[in-house]
Structure formats: C-alpha cells, structure tokens
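Undergrad: Below is the structure I would like to discuss, written out as structure tokens.
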Amino acid sequence: MNLDAIVVGAGHNGLVCACYLARAGLKVRVFERRARPGGCVATEEFYPGFRNSVAAYTVSLLQPKVIRDLRLVEHGLRILERPIANFLPLEDGFLRVGPDVSATQRELARFSARDAERLPAYYDALGRVADALRALALETPPNVGGGLADAVRALRAAGRLRRLDMEARRDLLALFFGSAADFLDHWFESEPIKAVFGFDAVVGNYASPAQPGTGYVLLHHAFGEVNGRRGAWGHVAGGMGALAEALVREARRLGVEIECEAPVARIARGCVQLADGREFAARAIVANVDPKRLFLQLVDRAALAPEFVARIERYRCGSASFRMNVALSRAPRFACLPEPGPHLASGIILAPSLEYMERAWRDARADGIARRPIVEMLVPSTVDDTLAPKGAHVASLFCQHFAPQADWAARRDEAIERIFDVVESFAPGFRESVVGYSALSPADLEREFGLTAGDIFHGALAPDQLWSARPLLGWANYRTPVPGLYLCGSGAHPGGGVTGAPGHNCARELLRDLGRRMPA
C-alpha cells in the first residue's frame, strides 16, 4: 500500500487534516485507538435512553472556513445557538447574559448602573483584540530564529497588530500577560458580571482568575462564532458526535481510509507501528496527539536532542477538569428562577464570584479536590429532544478544580458528591431527579482519550506555550525534529478547543513541503 500520509488519531483535528490532504490528491490513512472516530468529539448513550456529548460539549471556536471547505453543513452539521449566553444563579437573585447587549445591560443594571453603562465598551475592547488575533488562528506562527519565510510571517502578524489603536494594544498586553481578575476589576465593580466573564478564564485552566496569564484564556474563548454571530456559543444537534460524523463523511467521500481500534505503539521516520505489530510507511506522518505523549511515549527518544526532550518534559499539562453527564427525570429547577425558560438552554455557571473560583483553585492545590467546585451546567435536551426520553433531560457538567495528580481511584466518588452538592445548593431537588450518570476524572480523560494529565487543551494556554512557543520555540510551524513527522493537534497553534485550526494549518505546511498547494 503506497500511502502519502498517515494520521495518528481521528480526533477532529486529525480528521480535518486528513480531509485537506485528501482534497489535495494525497492518499491518506487514519489510525484511531478508540472504537469510533472523533476522539473527544463524540456522542454516546451513557444511560439507557439518554445520549449526550461525551467530552467536548459545546461549540463556538470551530473555524467557519473549515465548516465551508469540508462541506460540514451538507454532511448534516447543525449548530443550535443558545437563546441566551449565560445564566448565573445567586443566593439572592440571578444574572442573565444575552441575547444581546441591551438585554444584558438591563439585567446588569440591577447590580450596578455603572457596570451596565460600561458593558458595551467592554465588549468593544475585547472584540477588537479578539478580531485581530482571530485572523492569526489560520496562519502559521513564525519560528524564532527561522529563515526568510518566518521573517515574512512575523512581519505579517506585526502588521495585523499594528492596525490596533494604542488602547487596544494596551488591552492586548494586559490580556496576554495579566490576570483575568485585574482586567475585569478595571471594567466592573459588581461580582456577578465578573463571575460570568471570569469563568472563561478558568474553564479547562488549572489556575486562579487572579493568576497572570488567565487574561489570555478569557480572550481565547472570545474568538468564536455560531452561524455567523461572533462571540456566540451553541449546541451541536445530536451532540458533538454529529460533528465527527460530518467530518468522517467528508473524509470517506475524499477517499480517506479510517481504521478504528488500531492504537499506534511507535512512530519513527516515515512509518508507524501499531500495537498489534503491523507496520505502515508513508511519505509523512501526522500526529493528532499531545506533545508530551507524542515525544515521550511514541517517538524513540534517541531520535530527539536531549535538550528538546528536557523541554517537553517541562511542557505543562493538566487542566484540572472533571466531566459528567447526568440523566434527569425532569429539568433542573433553580431556587432563584424555578420556572422553565431560556436560561435552561444557556451556559449555567455555578460559581458566583471570582473569590469562589480562587477558593476552588486553592483547595485543589492543597487537597486535590475543590471543596466547592466550579460547575458549568448545560441542558442540551432543552433544545435537542433527540437526547433524552420525552419529559426527561440530560445535563452536561463541566467542573473545576480537580488536581490531575490526585488519587482518582480512591477519590472519584468523593468528587462526584461534591459536584452534586454544588448543583443541589442552587437547584434543590436535583439529586432526586438523577436517574443515572457518567463521570470522567482527569485520570479517566487520560485513559479514555489519551489526554496527558487529562488536559483538554493538549497543554496549558499560557504565554510561554502560545503562538511561536507552542509547543516549543523553534518548532511552532507544525513540523517536528523528526523529519517527515508533523503535529496537527491542539498542542500546536492556536491551541485548544474544538477549532479545526491546527489540523487545517498542519495540512497546509505538509502540502507545502510536498510541493503541493492547499486546495482552495
């Protein structure tokens, strides 16, 4: 079998990369360790009659170009926008964010007239910086110390940022290197709005919102759009697995071969060895694997410089996330707003202040598990009735902070109880409505999906692990020290989230090396 490219891992970035390579006429084969393609982008029945997204659970950052180029809508992808963005229940009230700025201002005015007045300027400031960086997501970062092509890339990126006025440049600096808490404190005085926006700084990020660098994670989550509406988030109809199915349909239409239950044991120059002993050769190997797993487990260390290995060993992974799906006999009823409404179809943030988030982080650092975890709840069955029996519902719970190094064999049930305690405190009767659940600790995320330390982003989104430094300075252009081996996962620019951007960009660089053009 004469293969042009082998892709290791059929997560969404691996499938995106395979599709672009096949569109350019290459013969591509994908090997996936799990029983079905998609990786973390999957829908499964977790309790009889109840289905939901397994790991990744919401969408916004998926690149519109990828959606168009790979005909994902034609292949069945449908994204249902949240009717409002977020709902923050409180002991003595609540805050709803969305569906537009004026509606949010009216809500926010109950807490602070000053904050309501400043809200449009905040969105403006965040949006200007996000727009400038959004344009860089589909560009290859310049390699520090590289040649002419890298110099051109650096100048092009500098040109984009130069278009920002001075205030926007100052905001960019503050967001990249400062804390989310400092940035939000500058804009707002009321805790509820800071909590809603501050959640984006700690989701998938093992950090306090007061920690330098969390401003960037907040910004990273502002890059997205849903159905052309910037900053919006949505549910994939049928769960996130419907996105994987759309990618698989396009891949197979283009002639890509996908083999599941085929874990790769070793990667060498120009070939891979599967766990069952079979070996396959190709002109290029593309790894949709996090950098630590790739270079410390799959590649022979003798093929890498000791300095490179030492740096990869220090590459930071561990997002301190705990993921649950819950089958419910009825929709949750929040004490502050018990009647059904659009708030149940939003991102429900169960963390009423930045101080609450700070305590959760400190608890996890000290004891391994937050006493009162940060919980985001989504109830996708409120907009997608295919996920649960009539009258019943499914809830997605994405929770922080849970130290990756904790003894998860012994403490998994304890973590679940603490998560349920938090939900129950805001939605009394929640426990009574639970008919079943699934749970993924950081250790489960590593075992099930190959995420080192359970890191959903394939490495911390910190200033020293971004852009030209992702995963390392000198290796930011999707190539690796092993000739013919490329990196297409979230450990490459622009980082984590369901974006498709690393897969798209990696395909372009590989094709360039083979003397081919990226298909228009």
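Undergrad: Name the pairs: first residue in region 1-30 and hydroxyl-bearing (Ser, Thr, Tyr), second residue open to solvent by 20 Å² or more (accessible area, probe 1.4 Å) and in a helix (DSSP H, G or I), Cβ to Cβ under 9 Å, at least 6 apart or on different chains?
TA: Once the first residue is hydroxyl-bearing (Ser, Thr, Tyr) and sits in region 1-30, its partners that are open to solvent by 20 Å² or more (accessible area, probe 1.4 Å) and in a helix (DSSP H, G or I) give 20/69; 20/508.
Undergrad: Find all pairs meeting these conditions: Cβ atoms under 6 angstrom apart; at least six residues apart or on different chains; first residue within region 241-255 and charged (D, E, K, R); second residue in a helix (DSSP H, G or I).
TA: Filtered contacts from region 241-255: 250/19.
Undergrad: Select from region 139-167 the residues that are in contact with a helix residue (DSSP H, G or I) (Cβ under 6 Å, 6 or more places away or on another chain) and surrounded by 18 or more Cβ atoms within 10 Å (Cβ to Cβ) and list them in ascending order.
TA: Scanning region 139-167 gives 140, 141, 142, 143.
Undergrad: Which residue pairs have Cβ atoms closer than 7 Å, lie 6 or more positions apart in sequence or on different chains, and pair a first residue in region 258-271 that is farther than 19 Å from residue 483 by Cα with a second residue that is exposed (fewer than 15 other Cβ atoms within 10 Å of the Cβ)?
TA: 260/35; 261/35; 263/275
Undergrad: Looking at 464, 444, 455, can you tell me which residue is open to solvent by 50 Å² or more (accessible area, probe 1.4 Å), on the phi < 0 side of the Ramachandran plot and among the charged types (D, E, K, R)?
TA: That would be 464, the only listed residue that is open to solvent by 50 Å² or more (accessible area, probe 1.4 Å), on the phi < 0 side of the Ramachandran plot and among the charged types (D, E, K, R).
Undergrad: Do we find that residue 423 is open to solvent by 50 Å² or more (accessible area, probe 1.4 Å), of a type in the set (A, V, I, L, M) and not in a loop (DSSP other than H, G, I, E, B) in this structure? Write out each step before concluding.
TA: Details: open to solvent by 50 Å² or more (accessible area, probe 1.4 Å): no; of a type in the set (A, V, I, L, M): yes; not in a loop (DSSP other than H, G, I, E, B): yes.
Against the criterion (open to solvent by 50 Å² or more (accessible area, probe 1.4 Å), of a type in the set (A, V, I, L, M) and not in a loop (DSSP other than H, G, I, E, B)), residue 423 does not qualify.
Undergrad: Restricting attention to region 363-419, and to residues there that are outside any strand (DSSP E or B), under 23 Å from residue 436 (Cβ atoms) and acidic (Asp, Glu), which single residue is most open to solvent (accessible area, probe 1.4 Å)?
TA: By that ranking, first place goes to 385.
Undergrad: Same structure again: Scan region 263-281 for residues that are over 30 Å from the mean Cα position of the chain (by Cα) and assigned to a strand (DSSP E or B) and report the count.
TA: Result for region 263-281: 3.
Residues are listed down the side, and each one gets a yes or a no for (1) more than 30 Å from residue 464 (Cβ to Cβ); (2) under 29 Å from the mean Cα position of the chain (by Cα); (3) open to solvent by 20 Å² or more (accessible area, probe 1.4 Å); (4) at pLDDT 95 or above:
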{"site": "94", "(1), (2), (3), (4)": "yes, yes, yes, yes"}
{"site": "103", "(1), (2), (3), (4)": "yes, yes, no, yes"}
{"site": "110", "(1), (2), (3), (4)": "yes, no, yes, yes"}
{"site": "114", "(1), (2), (3), (4)": "yes, no, yes, yes"}
{"site": "120", "(1), (2), (3), (4)": "yes, yes, yes, yes"}
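Undergrad: Looking only at region 184-215, filter to residues that are open to solvent by less than 10 Å² (accessible area, probe 1.4 Å) and of a type in the set (Phe, Trp, Tyr); which one of those is nearest to residue 351 (Cα to Cα)?
TA: 199
Undergrad: Separate question: Give the residues of region 434-487 that are touching a helix residue (DSSP H, G or I) at 6+ places or on another chain (Cβ under 9 Å) and part of a strand (DSSP E or B), sorted by residue number.
TA: 434, 437, 439, 440, 479, 485, 486, 487
Undergrad: Another one. Conditions first: (1) within 25 Å of the chain's Cα centre (by Cα); (2) assigned to a loop (DSSP other than H, G, I, E, B). Residue 7 passes all but one, so which condition is the exception?
TA: Among (1) within 25 Å of the chain's Cα centre (by Cα); (2) assigned to a loop (DSSP other than H, G, I, E, B), the lone unmet condition for residue 7 is (2).
Undergrad: In addition: Condition first: touching a Ser or Thr at 6+ places or on another chain (Cβ under 7 Å) and free of Cβ contacts under 8 Å to residues at least 60 places away in the same chain. Now tell me which residues in region 181-206 satisfy that.
TA: Answer for region 181-206, where residues must be touching a Ser or Thr at 6+ places or on another chain (Cβ under 7 Å) and free of Cβ contacts under 8 Å to residues at least 60 places away in the same chain: just 201.
Undergrad: Could you figure out which of (1) in contact (Cβ under 8 Å) with a residue 12 or more places away in the chain; (2) open to solvent by 10 Å² or more (accessible area, probe 1.4 Å) isn't true of residue 520?
TA: (1)
Undergrad: Does residue 438 count as more than 28 Å from residue 176 (Cβ to Cβ), open to solvent by less than 10 Å² (accessible area, probe 1.4 Å) and among the polar types (S, T, N, Q)?
TA: Considered against the rule, which asks whether it is more than 28 Å from residue 176 (Cβ to Cβ), open to solvent by less than 10 Å² (accessible area, probe 1.4 Å) and among the polar types (S, T, N, Q), residue 438 comes out as no.
Undergrad: Moving to a separate point now. Given the options 306, 352, 332, 338, name the one that is over 30 Å from residue 47 (Cα atoms) and open to solvent by less than 60 Å² (accessible area, probe 1.4 Å).
TA: 352
The values are calculated or read from the model by the stated rules, or taken from the named source; none is laboratory data. Note that the structure is a prediction, hence the values are computed from the model and not measured. Here Cβ is always computed from backbone atoms with ideal geometry, including for glycine, and neighbour counts include all displayed protein chains. When the accessible area is computed, the model is the full protein with side chains, heavy atoms only, and any ligands, DNA or RNA have been set aside. Shrake-Rupley method; radii C 1.70, N 1.55, O 1.52, S 1.80 Å.
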